[in-house]
Amino acid sequence: MNTTDTLIVGAGMAGASLAWRLAQRGHAVTLLERESQQGAHSTGRSAAMFMESYGPPQVRALTRAGRSFYLQPPAGFTDDVLVSPRAALIVGRPEQSTELEATWAALSGGGTRVRRLSGAEAVALLPVLAPEQIGGAVLDEDGYDMDVNALLQGFLRGARTAGAQLRVGAEVVSARHDGAVWTVQLASGETLQARTLVNAAGAWVDELAQRAGARPIGIEPLRRSAFTFRAPEHMDPSGWPMAIDVDESWYLKPDAGQLLGSPANADPTTPHDVQPEELDIATGIYRIEEMTTLRIHRPTATWAGLRSFVHDGEIVIGFDAQLPRFFWLAAQGGYGIQSAAGASLLAVSQILGDVMAPDLAVQGVNAQAVSPSRLR
Ligand SMILES: Cc1cc2nc3c(=O)[nH]c(=O)nc-3n(C[C@H](O)[C@H](O)[C@H](O)COP(=O)(O)OP(=O)(O)OC[C@H]3O[C@@H](n4cnc5c(N)ncnc54)[C@H](O)[C@@H]3O)c2cc1C
């Protein structure tokens, strides 16, 4: 049986970005995905935003570290533009000025261009905001829309070209380490061997850990639902900023000529092919109509995806403290697309035993603060 260097379980953005980085370094990689295509779960269901102002400190540091990758991907990575500017407007009602001030204080001075705006200035930028409901805003001028599919396909294509084996319809059902290598069994009965096993199984990371004999990290998958709807006639939303409520109870953004809305729900559930509840969509419509002049008659599409967190809200990157050569790339929460370039850079340095890349260190990435051992 051939023994590969690294076997990655899960071909969402996390697994694909790591496969690309390892293959670029001449490392033998196999990327396994249970579904018939890569990116079918959280990765294919995101809101596609890049906001350095969004997420806990280590996620924000990894996001900043990955920014130059998205703006100027390596030659040959893609023919598409991966990111296009889309400012983000964090809005508050008149009685939420304390929350807005705290947000502004937390974000200013962090390397991201942020401005504190009055309610009238916010409405001038996003003309469908209801003026009487908006007390003020914080504007993140460094936000971007991401082309998630182009990014995922770039990672997969580049990994394959550099020699990685990409397999779909390949579910890992068990894994054992014999002191030297991992032997992994697929649902088909086939077995594979690898020196390092990477757990990039998204909402299923604890299930996979149990299949490999590792202690779970306490992953909590949370359902978030979203919908698209038509913009008002005679209005072109393409240049509008994204808008998100300061306590994250709804958001709204232009999306391919339409508008995308969400109740920003975070409903605990089990790892599964999650679907939107009718109540989620109704709640999103209600909250957006309350804060804007928009009237949403019928969504053109609805969906839901899982955002998976551990208890401190930070990402998990690093070798398991107990099992040899068992690597976690997990708990990306609601930031796994924007943080993927930085997170995979940190993961590859640890798997190959390199020192941390200067791009990460300069942004304040701290390996211990994201390591699985902090959760014990
Ligand atoms: C509504 C919504 C909006 C979001 N908006 C944003 C945003 O604007 N910006 C942002 O950066 N992030 C956003 N996110 C978060 C982002 O989508 C996730 O953090 C990211 O996609 C996680 O990627 P992943 O590769 O870890 O997981 P996934 O994409 O879920 O991939 C994990 C894969 O592992 C596979 N797998 C599991 N178990 C096995 C097994 N035993 N064998 C083989 N394969 C297995 C699964 O089939 C799955 O394909 C959003 C998420 C949602 C739901």
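Please work out the C-alpha center-to-center distance from segment 76-131 to segment 336-376 and express it in whole Å.
27 Å
For Cα pairs less than 8 Å apart in space and 6+ apart in sequence, what is the mean separation divided by the residue count of segment 199-346, i.e. the relative contact order in percent? If you can, show how the numbers build up before the last one.
On the way: 281 pairs, mean separation 41.7, N = 148.
Worked out over segment 199-346, it gives 28 percent.
For the chain, I need the span (max minus min coordinate) of the C-alpha atoms along each principal axis, in Å, sorted largest to smallest.
67, 42, 42
Taking 2.2 N^0.38 Å as the expected size of a compact globular protein, what ratio does the Cα radius of gyration of segment 5-132 give against it, to two decimals? List each step's numbers first, then the result.
Details: Rg = 19.2 Å, N = 128, 2.2 N^0.38 = 13.9 Å.
Rounded to two decimals, the normalised Rg is 1.38.
How big is the dipole moment of the chain about its Cα centre under a simple scheme where the beta carbon of each Lys and Arg is +1, that of each Asp and Glu is -1, and everything else is neutral? Debye, nearest 20, please. Walk me through the intermediate numbers first.
Working: 30 positive and 40 negative charges, 211 e Å.
Charge dipole of the chain: 1020 debye, to the nearest 20.
Can you run phi through the Karplus equation (6.51, -1.76, 1.60; θ = phi - 60°) for segment 234-239 and list ³J(HN,Hα) in whole Hz, with x for Gly and Pro?
Using θ = phi - 60°, the values come out as 6, 10, 9, x, 4, x Hz.
Each value in this text was obtained by applying a stated rule to the coordinates, not by laboratory testing. The structure presented is a predicted model; accordingly, all values stated were derived computationally and were not measured. Virtual Cβ from ideal backbone geometry, glycine too; neighbours counted across all protein chains shown.
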